[in-house]
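Notes follow once the structure below has been shown.
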Amino acid sequence: SQVDSESVVPIFEVGDVQGEPFIVMKYIEGENLEEVFRQGTMDTVTLLKQLITICRAVSVVHDRGIIHRDIK
């Protein structure tokens, strides 16, 4: 089932091709938060706001019984 939250990337399809699993998700253009953090181009307050958004998104999916194994 789809999770309806602006902080959660929509999944269009999940499947398997010759035993290899795949997930088709909406493409989200932007920078990798880890890289931005390492470059030091994001101030601490902005970084914390981003992390709060991420935590809320994880909470939304956990409330739906979905466990995310590979948060990036």
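Just so you know, all these numbers are worked out from the coordinates, no wet-lab data involved. Just so it is clear, the model here is predicted, and its values are computed rather than measured. Ideal geometry is used to build each Cβ from the backbone, glycine not excepted, and the neighbour counts take in all protein chains shown.
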Q) Pick from I11, I54, I28: which residue has the top mean-square fluctuation in a GNM of the chain where Cα pairs under 10 Å get a spring? A) I28
Q: Would you mind checking the tilt of helix 44-63 against the longest principal axis of the Cα atoms of the chain, expressed as 0 to 90 degrees and rounded to 10?
A: 20
(Q) I'd like the distance between the alpha-carbon centres of region 1-25 and region 31-50, rounded to an integer number of Å. (A) 26
Q.
Please compute the modelled spin-label separation between I23 and V58, points set 7 Å along Cα→Cβ, answer in nm with one decimal.
A. 1.4
Q. If we restrict to alpha carbons, what Rg and Dmax does the chain come to, in Å?
A. 14.6, 46
